[in-house]
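Engineer: Submitted below is the structure of interest, expressed as structure tokens.
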Amino acid sequence: MATPDLTTNQTAGDDHGCERTISALHPDIIRAHILARLDGPSLASAASASSQLHALSVDESLWQDICTSMWPSVADPRLQQLIVSNFPSGHRSFFSDSFPTIDEVPPRVFNHNLSRPSGLISAVDIFYQGKLVLSKIEETETLSEWFLCSPFLVELIDPKDPIPTDIRRAAVPGDDDGAWLKHLEENVTLSWILIDPNLKRAANVSSRRPVSVNRHWLTGEIQLRFSTVMTGAREVVQCGLVVTCGGDTDKERGKMHVREVGLHVEDMEGRHLKGSESLVILGNAIEGGGRRKVRKSREGKERYEEYLGLRRESRERKLSREKALDLVCIVTGLSIFIFFWSFILFR
């Protein structure tokens with residue numbers, strides 16, 4: 001049987017040429033051999049090419065396969081049921097929320113009275129050179145007074161029960177610790193999707209690549225920091241995600257293991273925000289934050305460095321105000337002292 005010519009019937013300026021040529025193929029062939037090979041953004045683009053492709057591209061099984069292949073944690077049966085039953089278009093809506101990098105909420109649309117969710121779900125995946133290192137679902141209860149009044153923190157791993165990996169320091173020859181840390185910065189990626197079942201929305205709050213990789217001066221553990229800058233109630237804040245690893249020292253030369261994986265929200269002074277404050281900020285980010293494509297691998301790090309610059313400027317302004325206030329207090333105190341001393345001398 002001759003292979004259909006996909007270009008014969010399409011001419012310049014013919015708006016229906018694509019639809020006519022695609023219609024020559026059986027829908028099952030298009031779905032199984034063309035659409036099933038596309039990634040999420042390509043599948044979304046294909047849906048806008050013609051009405052037939054749109055009808056085939058919204059197939060739930062296609063988007064489910066894309067989501068589970070990109071984020072293995074999403075394959076958890078509990079999360080699968082939640083996505084299908086809560087999200088308007090199932091896995092297609094979930095992908096639309098979770099794939100692009102989350103952007104800041106415009107201050108004018110920040111909702112200070114956003115209702116608090118009964119819980120948050122974290123779907124977390126860590127990769128090293130494209131291979132899965134850790135995949136975990138974590139449910140966080142958010143209604144208790146203890147949670148609302150304590151610093152917000154989501155922890156995935158018990159420090160007493162670290163998770164082994166196949167990452168070896170031998171991947172970088174020599175004893176240059178700086179080169180090893182740089183290697184990790186370039187090869188470790190993190191996806192942390194926060195899901196609000198009440199809002200029926202999700203957002204990926206990770207910068208994907210680390211914004212900094214440092215070795216702790218006392219413990220020798222490696223801390224990989226990921227960060228997303230968000231709009232807060234009064235100022236920009238940072239959603240910080242820290243992955244702590246150990247077992248890579250020169251003496252051990254063994255496989256690294258993940259000891260801690262945590263998420264918190266901190267303000268410009270580095271103070272960890274309480275649960276009640278963090279829920280409002282994260283809820284606004286999930287519901288009102290823009291979604292944008294990352295155009296270069298260092299974009300997250302550059303935004304983090306801009307945030308650090310703003311934080312330094314804020315601290316300098318605060319220090320300047322404190323110095324000015326101290327000077328006013330000193331001058332006022334001296335003036336009062338001189339006044340009373342003069343009063344006593346010339347009475």
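The values are calculated or read from the model by the stated rules, or taken from the named source; none is laboratory data. Because the structure is a prediction, the values reported are computed rather than measured. Neighbour counts are summed over all protein chains in view; Cβ atoms, including those assigned to glycine, are modelled from backbone coordinates with ideal geometry. The accessibility values were calculated without ligands, DNA or RNA, using every heavy atom of the protein model including side chains. Shrake-Rupley method; radii C 1.70, N 1.55, O 1.52, S 1.80 Å.
Engineer: Just name the residue that is most open to solvent (accessible area, probe 1.4 Å) out of those in the stretch 211-229 that are in a loop (DSSP other than H, G, I, E, B) and touching a Gly at 6+ places or on another chain (Cβ under 9 Å).
Structural biologist: This residue is Thr219.
Engineer: Only one residue in Gly289, Gly300, Gly309 is open to solvent by less than 40 Å² (accessible area, probe 1.4 Å) and without any contact (Cβ under 8 Å) to a residue 24 or more places away in the chain, so which one is that?
Structural biologist: Gly309
Engineer: Sticking with this one: Go over the candidates Asp97, Asp125 one by one and state the one that is within 17 Å of Arg208 (Cβ to Cβ), surrounded by 17 or more Cβ atoms within 10 Å (Cβ to Cβ), at pLDDT 95 or above and out of contact with any Gly (no Cβ under 8 Å at 6 or more places or on another chain).
Structural biologist: Among Asp97, Asp125, only Asp125 is within 17 Å of Arg208 (Cβ to Cβ), surrounded by 17 or more Cβ atoms within 10 Å (Cβ to Cβ), at pLDDT 95 or above and out of contact with any Gly (no Cβ under 8 Å at 6 or more places or on another chain).
Engineer: For Leu199, work out the one condition from (1) in a strand (DSSP E or B); (2) touching a residue at least 60 places away in the same chain (Cβ under 8 Å); (3) surrounded by fewer than 23 Cβ atoms within 10 Å (Cβ to Cβ) it doesn't fulfil.
Structural biologist: Going through the list (1) in a strand (DSSP E or B); (2) touching a residue at least 60 places away in the same chain (Cβ under 8 Å); (3) surrounded by fewer than 23 Cβ atoms within 10 Å (Cβ to Cβ), Leu199 breaks only (1).
Engineer: Answer yes if at least one residue in the stretch 185-196 is open to solvent by 60 Å² or more (accessible area, probe 1.4 Å) and either small (Gly, Ala, Ser) or under 17 Å from Gln129 (Cα atoms) (or both), and no otherwise.
Structural biologist: For the stretch 185-196, residues open to solvent by 60 Å² or more (accessible area, probe 1.4 Å) and either small (Gly, Ala, Ser) or under 17 Å from Gln129 (Cα atoms) (or both): present.
Engineer: Regarding the stretch 274-286, can at least one residue be identified that is surrounded by fewer than 16 Cβ atoms within 10 Å (Cβ to Cβ), at pLDDT 80 or above and either farther than 16 Å from Val205 by Cα or out of contact with any Gly (no Cβ under 7 Å at 6 or more places or on another chain) (or both)?
Structural biologist: yes
Engineer: Within the stretch 159-192, can you find the residues that are in a loop (DSSP other than H, G, I, E, B) and either closer than 23 Å to Ser73 by Cα or at pLDDT 90 or above (or both)?
Structural biologist: Just the residues of the stretch 159-192 that are in a loop (DSSP other than H, G, I, E, B), to begin with: 159-162, 172-176.
Listed by number, the residues that qualify are Pro159, Lys160, Asp161, Pro162.
Engineer: What number of residues within the stretch 62-84 satisfy the criterion of being in a helix (DSSP H, G or I) and open to solvent by less than 70 Å² (accessible area, probe 1.4 Å)?
Structural biologist: Of the residues in the stretch 62-84, 15 are in a helix (DSSP H, G or I) and open to solvent by less than 70 Å² (accessible area, probe 1.4 Å).
Engineer: Does Glu139 qualify as being outside any loop (DSSP other than H, G, I, E, B), free of Cβ contacts under 8 Å to residues at least 40 places away in the same chain, more than 28 Å from His272 (Cβ to Cβ) and open to solvent by 60 Å² or more (accessible area, probe 1.4 Å)?
Structural biologist: Against the criterion (outside any loop (DSSP other than H, G, I, E, B), free of Cβ contacts under 8 Å to residues at least 40 places away in the same chain, more than 28 Å from His272 (Cβ to Cβ) and open to solvent by 60 Å² or more (accessible area, probe 1.4 Å)), Glu139 does not qualify.
Engineer: With respect to Arg295, is the statement that it is at pLDDT 90 or above, open to solvent by 10 Å² or more (accessible area, probe 1.4 Å) and among the charged types (D, E, K, R) true?
Structural biologist: Criteria not met by Arg295.
Engineer: Look through the stretch 238-269, keep the residues that are open to solvent by less than 10 Å² (accessible area, probe 1.4 Å) and polar (S, T, N, Q), and return whichever of them is modelled with the highest pLDDT.
Structural biologist: If we take residues in the stretch 238-269 being open to solvent by less than 10 Å² (accessible area, probe 1.4 Å) and polar (S, T, N, Q), then Thr244 is modelled with the highest pLDDT.
Engineer: Among (1) open to solvent by less than 10 Å² (accessible area, probe 1.4 Å); (2) at positive phi, which single condition is Arg208 missing?
Structural biologist: (1)
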